[in-house]
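To start, the structure itself, in structure tokens.
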Amino acid sequence: MVMDRFESFQMGRAIFGLGDYLIFVFTLLLCMVIGMYYAWRGVSNSTNEYLMGKKTMGIFPIAMSLAASSLSASTIFSVPTDVYLTGSMYWWIIIAVGLSIPVSLYIYFPIYHQLQLVSSHQYLEMRFNHTIRRLAALLYVIKVIFSLTVMVSGPALALKRVTGLQEHVSMSIMFAVCIFYTAIGGIKAVVWTSTVQLCLMYGSAIIVLVKGIVDVDGLENVFLRNFNSSRIEFLNIDFDPTTRHTVWSLTIGGFFLFTAMYATDQVFIQRFLALPTMRKAVISHWINFLMLAGITSLCCLTGLVTYAFYFDCDPLQADIVKHSDEIFPLFVIQTIGNFPGLPGFFAAGIVGGVASILSSNLNSLSLVILEDFIKPFFPLMRDGKASLVTKMAVILFGCVIFSMALFTSKLHISLDSSLSFVSAMAGIILGVFSLGMFVPWANATGAGTAIALSFATMMTLGIKTHIAKSDGLVMNYQMKSLNADGCHSPNSTIVNSSTVHFLIQEGDVPALLRISYLWYTVMSLSIVLIVGTIVSLLAGSQDPAQLNPKLLCSLLQRRRSNKATSQPNIATLHPTASVGQRTRTLLWELPRRLSPIIEVHFPNN
């Protein structure tokens, strides 16, 4: 009988045995031992080694750490659930990642490599001023705190279903272990624990997937049942930006989101700079892409298997679970719950996923606090004190995020709302870096105004959208049909999902409040670039000739160099021409040519 498989869940029996606890505890101890090992090796005695690994890190551990930092434990739950509810379109995100990596590697990273930065925000002080640097660093801190706060609630709920541990207990364990090895072991401990944790994530995903395929009698049944419910979908080319997942939103919106992540996020730039050569950085990022594509594909396929498992008795319709984020933990219980050791291994993968992204971000956050907020005021700080500051920053922010996570776990903030906020913040940061690299005449006034306006606009939009979603005014119209005909229980309620989603018509809510979360990065980036460019023109643009060429995109550097080489006699033809005029390209002449229109005076030099 179909409902028999729900009995253990309804009774709330824990599925953890002695073997499961041993595996679970062993993985926690392994992470702590790695941290203690690098503390014993003395990595915390030098901030260069503690934060940058003395630029001697290897390709493979950095690649594994990049992949683990690109994911989160929430990915293991959110992606299968998303595919279960809306179909297979999410697979297109792999294309977006593949497009973003070469852009990051060959356009943004060479600038960081030439300047030999420690914090990525140092670039903004070199290009604009210290105010823009600290403003961008502050936005980064806010983004990290919010994203880490929200992303631990889903895994904590899953641990409760699998292990029986309450959310506050599982969160306490994850944060305590993570803060411990991150604080004492530095980036080397973070990188090597991320390597172990990514292996655990892969292993747990594969175990659940394989057992699920066996339970539904093979892949043929998986694809047949999903095809019959229209979940096998790859060519939704709807141009409507309010459609959540389309080819365009996933490839274009996803491209800018992952470019913001790889090209400007301190976590990824720090790992890039921890490698000794550019060649090794390129190799590590492509290995990261393969690992990320693999785990994303596993999660998408698991979503299809989950639907095939519940194709005739959806747990939501049957009132077995209250929220969609409980579907995948239930599936795990149903598939591997009776096999000693497997629940423990899966729980270890959950903790590994949370710990990897927590530790990576806490380590990078401590670097930002030291380099962008403390060292500018105390430039002669001794190495020992600087090392102590980074450790205290890890502990302090770890505790702050833990406290906020306990509070927000009761609020049930939707995944789309949290992704919208993070995407908007990432777009602002990408925008100000791109403004500096691609718009030579942009100045600090333009950059600061653009950051402020973009932040105010996107936060207003995000808050209004979250309120509308919380009130049920914004629905996910891409949800596929859910069937509860196979459920035989007095408390099951048969509901046709198509009747639910059209009770509220699309025209009742402004289009901006329904726009897909994947376009938030594009929107905030566009505001920064447009406003920053216009305000710079109005406020008296930066003379490109006075900029260090290393601060500009390499393509602009080559164009400037070629222009100067192709016109060697310009000084003879025009004796009064300045050095800036001799080297200025047509692109850089644009502000001067527009000056009569907007009535801005540009001096000849």
Requested in this report: Would you mind telling me which numbered condition in (1) of a type in the set (Phe, Trp, Tyr); (2) touching a residue at least 24 places away in the same chain (Cβ under 8 Å); (3) within 30 Å of Ile515 (Cβ to Cβ) Phe345 fails?
Outcome: (3)
**Report entry** Pairs where the first residue, in segment 154-168, is more than 12 Å from Leu330 (Cβ to Cβ) and without any contact (Cβ under 8 Å) to a residue 24 or more places away in the chain and the second is assigned to a helix (DSSP H, G or I) and hydrophobic (A, V, I, L, M, F, W, C), C-beta under 7 Å, 6+ apart
**Finding:** Leu165/Leu159
Query raised in the report: Considering Lys375, Lys385, Lys391, which residue is among the charged types (D, E, K, R), under 22 Å from Thr193 (Cα atoms), surrounded by fewer than 24 Cβ atoms within 10 Å (Cβ to Cβ) and at pLDDT 85 or above?
Result: Lys391
Report task. Just give me the residues in segment 101-132 being touching a Gly at 6+ places or on another chain (Cβ under 8 Å) and open to solvent by less than 50 Å² (accessible area, probe 1.4 Å), in sequence order. Result -> Tyr123, Leu124, Arg127, Phe128, Ile132
Query raised in the report: Can you spot a residue in segment 357-375 that is touching a helix residue (DSSP H, G or I) at 6+ places or on another chain (Cβ under 9 Å) and free of Cβ contacts under 8 Å to residues at least 40 places away in the same chain?
Result: yes
Requested in this report: State all residues of segment 162-191 that are under 17 Å from Met404 (Cα atoms) and of a type in the set (Val, Ile, Thr); if no residue qualifies, say none.
Outcome: Val169, Ile173, Ile179
Query raised in the report: Looking at Leu529, Leu552, Leu525, which is the one that is under 21 Å from the mean Cα position of the chain (by Cα) and crowded, with 16+ Cβ neighbours inside 10 Å?
Result: Leu525
**Report entry** Inter-residue pairs, beta-carbon under 6 Å, first of a type outside the set (Val, Ile, Thr) and in segment 15-30, second surrounded by fewer than 19 Cβ atoms within 10 Å (Cβ to Cβ), 6+ apart
**Finding:** Gly17/Pro340; Gly19/Pro340; Gly19/Gly341
Report task. Could you list all residues from segment 293-325 that are touching a Leu at 6+ places or on another chain (Cβ under 7 Å) and part of a helix (DSSP H, G or I)? Result -> Ile295, Leu298, Leu301, Thr302, Val305, Ser324, Asp325
Query - Residue list for segment 53-64, restricted to those being buried (at least 21 other Cβ atoms within 10 Å of the Cβ) and either within 21 Å of Gln116 (Cβ to Cβ) or at pLDDT below 85 (or both) - result: Gly53, Met57, Ile62
Requested in this report: Please name all residue pairs, on different chains or six or more residues apart, with Cβ atoms under 6 Å, provided the first residue is in segment 218-240 and is more than 25 Å from Asp312 (Cβ to Cβ) and the second residue is in a loop (DSSP other than H, G, I, E, B) and open to solvent by less than 70 Å² (accessible area, probe 1.4 Å).
Outcome: Asn236/Thr246; Asp238/Thr246
Query raised in the report: Quick one: is Ser324 open to solvent by less than 10 Å² (accessible area, probe 1.4 Å), of a type in the set (S, T, N, Q) and within 23 Å of the chain's Cα centre (by Cα)?
Result: no
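Out of curiosity, is Phe339 within 24 Å of Leu157 (Cβ to Cβ) and open to solvent by 20 Å² or more (accessible area, probe 1.4 Å)?
Against the criterion (within 24 Å of Leu157 (Cβ to Cβ) and open to solvent by 20 Å² or more (accessible area, probe 1.4 Å)), Phe339 qualifies.
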Report task. Please find, within segment 129-151, the residue that is modelled with the highest pLDDT out of those that are among the aliphatic types (A, V, I, L, M) and touching a Ser or Thr at 6+ places or on another chain (Cβ under 8 Å). Result -> Ala137
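Let's see how each residue does on (1) outside any loop (DSSP other than H, G, I, E, B); (2) open to solvent by 30 Å² or more (accessible area, probe 1.4 Å); (3) of a type in the set (Asp, Glu):
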position	(1), (2), (3)
Ile395	yes, yes, no
Ala405	yes, no, no
Ser418	yes, no, no
Leu473	no, yes, no
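The values are calculated or read from the model by the stated rules, or taken from the named source; none is laboratory data. It should be emphasised that the depicted structure is a prediction, and the values quoted were computed from it without experimental measurement. Quick reminder, even Gly has a Cβ in these numbers, built from the backbone with ideal geometry, and neighbours come from all protein chains shown. Heads up: the accessible areas ignore ligands, DNA and RNA and are worked out on the full protein's heavy atoms, side chains in. Shrake-Rupley method; radii C 1.70, N 1.55, O 1.52, S 1.80 Å.
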